[in-house]
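Please read the structure below before turning to the comments.
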Amino acid sequence: MSHFLLLRFRRIYTVSVGCHATGEDRCTSVAIRMDVDYRPTGMINCDVQLCVGCRMCEVACSVAHFGAVSPALSRIRVAKLEGIGIDLAIACVGCAEKPCLQCAVDALSVGPSGQIVLEAEVCIGCEDCVIRCPIGAVGFYEGEPLFCDLCDGAPSCVDVCPTGALVNAAELAPSLAPFMELSGPSARRRADYTSTVSQPVRDSWLAGWRLGE
Amino acid sequence: MTLYQGTRLRVDLTSREVARERTQPNGIGARSWNSATLLEELAPGVEPLSPDNILCIGVGPLTGSELIASCRFIASAKSPLTGFLGDSGARGFFAPELRWSGHDQLVFTGASDRWVYLFIDDDKVEIRDASHLAGLDITETTLQLHDDLGDPDLQVAAIGPAGENLVRYAIISCNLARAAGRTGMGAVMGSKRLKAIVVRGSKPVRPADPERFKRACADFRANIENHREFESRRKYGTTRIMDSLAKFGVLPAFHYRTALFDELDKVKAEALRRDHVVKAKSCYNCNVYCSRYNLTRYSEGEGPEYEAQAGFTVKCGSSDMELGVAASNAVNRLGLDCISTAEIIAWLMECRAEGIIADSDVDGIDLSWGSREALLELPEKIARREGIGDLLAGGSKRAAQAFGSSAEALTAEVKGLELFSADPRGIKGYGLMNAVNSRGGDHYRGEPTIELTGDEALAIKRVGDPNAAHRLKEEGKGALVNYAEHLGILSDSVTLCKNISCCMDAFDFDLAGEAYSALLGQEISAQQLWDVCTEVGQIERDFNIREGLTPQDDTLPLRFLDKPIPDGPAKGTTIDINRLVRDYYKEKGWEA
């Protein structure tokens, strides 16, 4: 089991991720109350230390479902915090809160492995679920939301991942409570989520360095 | 005959008009169109940094597909450094995004009267004000644009202060550290006052025959994963080559004065990995993920690859890895070509050691071997054209003229483009490649790596001559370089990473034929692709001849021709460049 699964926070956690290379807080800055037991895992889980940001998972997902390549077709997306060298692949984590289920037309339900199931003929394409997902893990293409469906039990992203960063941990349903206030476009929310959950890894890198000497 | 006709976006920065048109019908992607566009549309003798120059950014039909590492864009224009055809590719994620936006080639003409950036969001194209970005380095520019536009997934190709200030070896960079580095394409972009290109794309790349395309992709992937260098490339990337070059006796230590470097252990791949690398990084869709992210006390960033690693240490007589990594990070941010910058600093250090240049000639900067001051301050000065930086921004050939003939005799450039970090005398295929290729002093046109392997069977398969597999033999090198150039043009049109397609010999014309045929749904044979590459090579040669190139330009710096390698494993080795060039011309069917 990766060390990422062992991370726990139970405190008020303020994250300010900057680029120490520029000396400025240009990347992102998020203050989040991490006062619940939070484990960043469930469904498809990505180890932030192992993720190299190659986006092979996006390609595989896109090809598996649509027979073509475009990130807009992918149910997993890689957030890249380029100024600090962090990459993290994000798909639906099957969170405990499931804010996406507050669907106006009841087009969404939970499947046997915890995945969100869409009734396409009921969906009106309002994008409400896309906006509600705090970590930007719901895609949207040609009028329809895209949820990770675990590829019927053999996720193509996990299969293709060259570093082993991706694992299928469908049995877990983590809480995303600390992230419910994240706002902005999906890509922004993915980046903000990533900057928080990658902080321990960043800290471990920086521990060996006293910058600016 | 129509092979693939892509969508071209023509952007006139003077009139701010944008038009969509088709590319040439007989190309196969990126470089194949760019070079033809420049030959067709550019008037002879154009001043490279004037609005009359044309900047092409090309991707191809296979870019952003399932094919491993189909990740490069090619930037082409008349080079402000060489005066000949300039082009350079960058890996990363910008090229696939451009492809997904539905564009195969961008052609920039004219020049804006103030700083602008181009914004592409699928079909929407806008020229936007970039006055707030002027003066920012490449990292700052990219992150500022992500902030401004509220989307950190946007792909940005930008220039830094070096490009803005028309440094003749300025780069265009995406993903902060993936550079189109050679021949000064960033300066051309700067001369047009185009600070960045920002792209968001969502259009799928869909093969006409999915099963056949999948098979071609799987074959390519298998070639990579079964390669004997696969694991070491994963672990060290290009930095792994330093050991081999030391063993071959072709290290450029102290600016080619010796092939021996006592403190190699301090600067080689293992030391870099142990002391500075915190994780691996990857370009688009690559299972080799050979790049690495570094931390130093000065800065952090992606890289360095072999050229920056060796250029800022061994070549400059420094065993300080951290300083070398910091210099690499700095040139990436400032937007300078690491190869040209390192070569120029090392050359200055040799001139100082020879008593030709004094510290007082370079604003009092300490130019002793390995000088921390020189490695940290000269890139800044060059990028901003401050003090001596203004002269050095012209490249070593122009700068040397100011210091006189003994300084000129020590430069290592061909056609004005600075040489890589190896001694061409002891690797004769590379020596020939540096002498004859269209860019000038450059090893990456195509990589004659077969000569480093000793693999005679592979040499016979590719060029029909076992001699080509031996780096010290002069036989068979014309054919080898011709093959390597063809594979280079193919890779620059498929837009593959050449470390994989060329250096690992993991891709060839048969596989390319399969990939193109399956993607496009029309049969394209290996022979057709070979012929297109021959034609592109000839177009580039014609362009350069039109700009005044003569056979006398196809040579190596005199310093490598009039004496042998002084010491080390290849001691006494000389190179007969005339014989090699004759052999190559014969292969090409050219007159000497």
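The values are calculated or read from the model by the stated rules, or taken from the named source; none is laboratory data. This structure is a prediction, so every number in the text was calculated from the model and none was measured. Cβ placement follows ideal geometry from the backbone for every residue including glycine, while neighbour counts extend to all protein chains displayed. For accessibility, only protein heavy atoms count, side chains too; no ligands or nucleic acids. Shrake-Rupley method; radii C 1.70, N 1.55, O 1.52, S 1.80 Å.
Tabulated data
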item: Condition met for A:GLU142 (open to solvent by 40 Å² or more (accessible area, probe 1.4 Å), more than 12 Å from chain B (Cβ to nearest Cβ), more than 16 Å from the chain's Cα centre (by Cα) and charged (D, E, K, R)); result: no
item: Any hit, segment B:301-310, residues being at the interface with chain A (Cβ under 9 Å from one of its Cβ atoms), outside any helix (DSSP H, G or I), in contact with a helix residue (DSSP H, G or I) (Cβ under 9 Å, 6 or more places away or on another chain) and under 28 Å from A:ARG202 (Cα atoms); result: yes
item: Residue match in segment B:205-221 (condition: closer than 22 Å to B:CYS283 by Cβ, more than 13 Å from chain A (Cβ to nearest Cβ), among the acidic types (Asp, Glu) and open to solvent by 20 Å² or more (accessible area, probe 1.4 Å)); result: yes
item: Pairs with Cβ under 9 Å, 6+ apart, first in segment A:149-172 and closer than 11 Å to A:ILE44 by Cα and within 14 Å of chain B (Cβ to nearest Cβ), second among the charged types (D, E, K, R) and not in a loop (DSSP other than H, G, I, E, B); result: A:CYS157/A:GLU58; A:ALA165/A:ASP87; A:LEU166/A:ASP159
item: Residue list for segment A:173-193, filter: within 11 Å of chain B (Cβ to nearest Cβ), among the polar types (S, T, N, Q) and either surrounded by fewer than 18 Cβ atoms within 10 Å (Cβ to Cβ) or touching a Ser or Thr at 6+ places or on another chain (Cβ under 9 Å) (or both); result: A:SER183
item: Test for A:CYS157: is it buried (at least 18 other Cβ atoms within 10 Å of the Cβ), in contact with a Gly (Cβ under 9 Å, 6 or more places away or on another chain) and at pLDDT 95 or above; result: no
item: Within segment B:493-534, tally of residues that are among the β-branched types (Val, Ile, Thr) and open to solvent by 10 Å² or more (accessible area, probe 1.4 Å); result: 2
item: Which numbered condition B:LEU272 misses (of (1) open to solvent by 30 Å² or more (accessible area, probe 1.4 Å); (2) free of Cβ contacts under 8 Å to residues at least 60 places away in the same chain); result: (1)
item: Residue among B:ILE357, B:ILE339 that alone is touching a residue at least 24 places away in the same chain (Cβ under 8 Å), hydrophobic (A, V, I, L, M, F, W, C) and assigned to a helix (DSSP H, G or I); result: B:ILE339
item: Verdict on B:ASN294 being open to solvent by less than 10 Å² (accessible area, probe 1.4 Å), assigned to a strand (DSSP E or B) and either of a type in the set (Val, Ile, Thr) or at the interface with chain A (Cβ under 9 Å from one of its Cβ atoms) (or both); result: yes
item: Cross-chain or 6+ apart pairs with Cβ under 7 Å, segment B:98-120 first and within 14 Å of chain A (Cβ to nearest Cβ) and within 21 Å of B:GLY6 (Cβ to Cβ), then open to solvent by 10 Å² or more (accessible area, probe 1.4 Å) and not in a strand (DSSP E or B); result: B:TRP100/B:SER202; B:TRP100/B:LYS203; B:SER101/B:ASP122; B:SER101/B:LYS203; B:GLY102/B:ASP122; B:GLY102/B:ASP123; B:GLY102/B:LYS203
item: Residues located in segment B:258-280, provided they are more than 25 Å from the chain's Cα centre (by Cα), modelled with pLDDT of 95 or more and of a type in the set (Lys, Arg); result: B:LYS266
item: Segment B:222-263: number of residues that are among the hydroxyl-bearing types (Ser, Thr, Tyr) and buried (at least 21 other Cβ atoms within 10 Å of the Cβ); result: 3
item: Residue in segment A:180-213 that is modelled with the highest pLDDT, counting only those that are assigned to a loop (DSSP other than H, G, I, E, B) and hydroxyl-bearing (Ser, Thr, Tyr); result: A:SER198
item: Residue match in segment A:101-109 (condition: part of a strand (DSSP E or B) and either modelled with pLDDT of 95 or more or open to solvent by 30 Å² or more (accessible area, probe 1.4 Å) (or both)); result: yes
item: Helices (runs of 4 or more DSSP H) wholly inside segment B:362-468 containing at least 3 residues that are touching a residue at least 40 places away in the same chain (Cβ under 8 Å); result: B:372-384, B:396-403, B:428-436
item: Criterion: in contact (Cβ under 8 Å) with a residue 40 or more places away in the chain and open to solvent by 10 Å² or more (accessible area, probe 1.4 Å) - qualifying residue of B:GLU66, B:GLU17; result: B:GLU66
item: Selection status of B:ARG333, open to solvent by 10 Å² or more (accessible area, probe 1.4 Å), at pLDDT 95 or above and in contact with a Gly (Cβ under 7 Å, 6 or more places away or on another chain); result: yes
